[in-house]
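S.K.: Dropping a structure here in structure tokens format, bear with me for questions.
Just so it is clear, none of the values below were taken in a lab; they were calculated from the coordinates. Please read all numbers here as calculations on a predicted model, not as lab measurements. We place every Cβ from the backbone using ideal geometry, glycine too, and count neighbours over all the protein chains shown.
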Amino acid sequence: MASDRPLAMLVLAGLLASAPCAAAFGAYKQAQPKPVPAGAIEVTEPGMLSKAGATYVLTKDISSDRTALFLASGVTLDLNGHTVTYADAKYEHVPNYGFEEGLKGWDVSKAPGAKVIPSSVHPMVGEKILQLKAGDEIVSQYINLPVAERSYDAMCAVATNKMRITINVDDENGKPISCNFTGGRERRVTPPEVKRHPELGGGVIFAHMHHMSAGKYRIRIKAETDCQIDECDIRPSLDAGVAVVGAIQPWATYNDHLKWYPCAFFDYNKKGAKGGTPAAGIPVVKGAGTVTIRNGVIRNGTVGMRTLGVQSNAKGVTVVLENVKILNAGINCNSARIAKATLRNCRFEVDTPFIINRHNTSEMNVQVGSATEVVGCEFIGGQGSFSGTCPEIHDNLFVNGQTVTNHYSISPGSGTRIYRNRFEPKIGSGIYIGRGHDVEVFDNVFKIECAPPNCEYRYSGYSTNAIRLSDYNASSTGPVEKRCANNRVYRNKIYITGKSYPHYKGYRPRAYAFFISVGGGTNYIYDNEIYVQKVDGGNGLGLAFMIGGSSNGGEIYNNKITSNCAAAWIGTDYGYGRNMTFRGNTFVKAPGTPGGVKPFILGHGGNAAQDIRFYSNTYQGWSDIFQYHSNSISYSVGWTLTVKVRQKAGGAAAGAEVVISEQGGREVFRKRADEKGVVVARLAEYKVTGRGNRTDCSAYTVKAGAAEKSVKLTRDLEVTITR
Ligand SMILES: [Ca+2]
């Protein structure tokens, strides 16, 4: 029986505590205000910084009830140690919008089925959620929306895509309102949002409101099916702290969002005009250029919806953020969304407890189209840390706050080099290397723990990973852009904590250093130090390697893996594992490892572990190595044979051909020696099929020209042949 009794397994704790801090990070530093230099323009209030190429310098903190600053082409904005606060007015929230105080404040007279239940039933936000029966309708108290003629979202989180709701907003007379955006070809009349469901995994539905007068409004949520909901509020939406406008993209409804339409600067479309027409005075930046923002803080004034610290959709403009701290909070409220960026020594700190659509994996703390460099930054919180392409990502701290599936800290594109970073999620995973090639991940530190359940994975297994390598087992002959191949992960230190959450019955958390589901090619994992610690006796699983749904598990060599539990599972409940090599690795059994644990688990029922090669590995403390969970097993255990070929006359026989045959004469190896006359062969000592049927194949004949030698290969061996 599973138990959450802590075991005396804390041996690795000391190792965890002494994990090296990576070299000095740049990171954000509070700047001291300085006098405005000659030629620069003083900024004392929000608005348009419209002079192209000018340097603007803040001389005080500024605040705006909407988007604070718009920058023209080529502008440098020096925040000069000051703070820009946006969406800063007396915005009110619906009292008890998250049901943390039960039904307090809500009119449930038309909702006989309304019942506040623990979020452990279906995690969304906080400790409590609201359950409704089909036909129930709840009504909030009135709140004052203090700013007219701007965007708000009436929002409601819904637990699954099988649940439907209708969102209405009433004015102060109890009359439902609707807002009509006339700037597009499609009719966009919202609210209401009628009979809406979120995407798979649950999410936040919203009704976009705009161009209303200030005043009192309330939200009504009707359950069209039996429902579990949370976070029912009306919030200011679509603001930015600092904006660089390439275009007005006023596609702002829930429907637009689900259709992946771009949405930017809705409130700055000229009222009543065609979509994309900027309001008077908005600088629109065309063409190439650079905009620089530095030395200060940009923050939200209220917990909002769909807001950004810095937003640029000017496609040709590189926005350089240097020594900037951005703070934001709310649903889909992130630090930055920038078409082209350079990010240096910034701190991006957001609190985004849930998301509209978890399938949009670009929606992260910082989202760029492309970045030239990401260096010295701290990414704190967010549904993933950084999305977009960037050739060099280094010396950063990533503290993911992922509560939805697949929002890894980063998901690099082909050719990205990721080094000297720290990945220390509050919740979540490190790096997702998907359908891409030539990614290099080296000299990073990862600390990954089993995550609590999320809205989508509550009653099943859910994993968090330092590194996920997956092309969903693509064909190795398919197009290169569909395959995960030739990626290299090396010299990293990876700390994995397997822990359980017994409070959530039926939930099976896992944490892996590597989760591999690859068919498209070979990936290389080497020279890493991996520590796996299972900290309790519950069902939480920790592994260095989880290899499932994988026709090419890769080359895994010269790693050191210390664990108090199984180190690797090949052929798993996620699918079969085939064709891979573990060689030259050292597996260390941590003190306190329970009896009966073995370093490798092979197979899972019908999911095979086949064609696996274990060569020249070292086992410290482990005696029995393999545990079989399937009959479909085939692997070989072998060693490294180094053949040195010498000339009879003396000296190395450079280029000599070496041929190795197994007993019975079948050739198994043929290769020319290098310039030192050396050939290295990896050969099996024995092969195993089924649950441990062992066939010896340790006898080999090595030939170089006419000379030959018999060897028995039961350990790493070096032979010299003189021809
Ligand atoms: Ca809640």
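S.K.: Among P594, G540, S634, whose Cα projects farthest towards the positive end of the dipole of region 539-634, with charges put on the beta-carbon of Lys, Arg (+1) and Asp, Glu (-1)?
M.R.: P594
S.K.: For K34, give me every one of the aspartates and glutamates with a C-alpha distance below 20 angstrom, ignoring sequence neighbours fewer than eight places off in its own chain.
M.R.: K34 reaches E42, E45, D61, D78, E322.
S.K.: Next question. Going Cα to Cα from K115, which lysines come in below 16 Å? Please leave out same-chain ones fewer than 8 positions away.
M.R.: Here the lysines satisfying the reach criterion relative to K115 are K104, K128, K133, K222.
S.K.: Give me the dipole magnitude in Debye, nearest 20, for the chain about the Cα centre, with unit charges on the beta carbon: positive for Lys and Arg, negative for Asp and Glu. Working shown, then result.
M.R.: Values: 82 positive and 63 negative charges, 344 e Å.
Dipole about the Cα centre, nearest 20: 1660 debye.
S.K.: A further question on this structure: Around E149, with a cut-off of 9 angstrom between Cβ atoms, what is the net charge of the other residues, counting Lys and Arg +1 and Asp and Glu -1? Please report the intermediate quantities before stating the final value.
M.R.: On the way: positive: R150, K271; negative: D267.
Computed value for this residue: +1.
S.K.: Using the eigenvalues of the Cα gyration tensor, what equivalent ellipsoid semi-axes result for the chain when each is taken as the square root of five times the eigenvalue, whole Å, largest first? The partial results should precede the final answer.
M.R.: Numbers: eigenvalues 604, 195, 88 Å².
They are 55, 31, 21 Å, listed largest first.
S.K.: Quick one: of K259/K447; K534/K560; K51/K286, which pairs are farther than 24 Å apart, Cα to Cα? If you can, show how the numbers build up before the last one.
M.R.: Details: K259/K447 36 Å; K534/K560 17 Å; K51/K286 14 Å.
As for pairs spanning more than 24 Å Cα to Cα, those are K259/K447.
S.K.: Looking at region 199-303, which chymotrypsin sites (Phe, Trp or Tyr not before Pro) are DSSP coil and have at most 16 other C-beta atoms within 10 Å of their C-beta? Don't jump to the answer; show the numbers that get you there.
M.R.: Numbers: sites: F206, Y217, W251, Y254, W260, F265, F266, Y268; in loops: W251, W260, F265.
Filter output for region 199-303: W260.
S.K.: Summing +1 for each Lys or Arg and -1 for each Asp or Glu, what net charge is found among the other residues whose Cβ lies under 14 Å from the Cβ of A339? List each step's numbers first, then the result.
M.R.: Details: positive: K286, K315, R337, K340; negative: none.
The answer is +4.
S.K.: Could you order peptides 700-707, 643-650 by the average number of other Cβ atoms within 10 Å of their residues, highest first? Don't jump to the answer; show the numbers that get you there.
M.R.: Working: 700-707: 17.2, 643-650: 15.8.
Listed from highest to lowest mean packing, they are 700-707, 643-650.
S.K.: With +1 on each Lys and Arg Cβ and -1 on each Asp and Glu Cβ, how big is the dipole of region 638-722 about its Cα centre, in debye rounded to the nearest 20? Could the numbers behind the result be given before it?
M.R.: Values: 16 positive and 10 negative charges, 17 e Å.
It works out to roughly 80 debye.
S.K.: How large is the dipole of region 665-709 about the Cα centre if only Lys and Arg carry +1 and Asp and Glu carry -1, each at its Cβ, rounded to the nearest 20 debye?
M.R.: Details: 11 positive and 6 negative charges, 31 e Å.
Around 160 debye, computed over region 665-709.
S.K.: What does the highest-first list of 631-638, 359-366, 658-665 look like by mean Cβ count within 10 Å? Working shown, then result.
M.R.: Values: 631-638: 19.4, 359-366: 22.9, 658-665: 15.1.
Ranking the peptides 631-638, 359-366, 658-665 by packing returns 359-366, 631-638, 658-665.
S.K.: If you don't mind, another one. So how do 679-690, 423-434, 173-184 stack up, highest first, on mean other-Cβ count within 10 Å? Numbers along the way, then the final one.
M.R.: On the way: 679-690: 18.1, 423-434: 23.7, 173-184: 13.2.
The peptides rank, most packed first, as 423-434, 679-690, 173-184.
S.K.: Right, here's the next one. Using the Cα centre of the chain as origin and beta-carbon charges of +1 (Lys, Arg) and -1 (Asp, Glu), tell me which of A38, Y576, Y432 is placed farthest towards the positive end of the dipole.
M.R.: Of the options given, the answer is Y576.
S.K.: Name the lysines eligible as straight-distance cross-link partners of K712: C-alpha to C-alpha under 18 Å, and not fewer than 8 places from it in the same chain.
M.R.: Excluding near neighbours in sequence, the set is K644, K687, K703.
S.K.: Sticking with this structure for a sec: Taking θ as phi - 60°, what are the ³J(HN,Hα) couplings along region 229-238 by the Karplus curve (6.51, -1.76, 1.60), each to the nearest whole Hz, with x for Gly and Pro?
M.R.: 9, 6, 6, 9, 8, 10, 10, x, 9, 6
S.K.: Give, as a single signed number, the net charge of other residues whose beta carbon lies under 13 Å from the beta carbon of E440, with Lys and Arg counted +1 and Asp and Glu -1. Please report the intermediate quantities before stating the final value.
M.R.: Numbers: positive: R417, R420, R488, R491; negative: E392, D438, D443, D527.
That sum, taken over residues with Cβ under 13 Å, equals 0.
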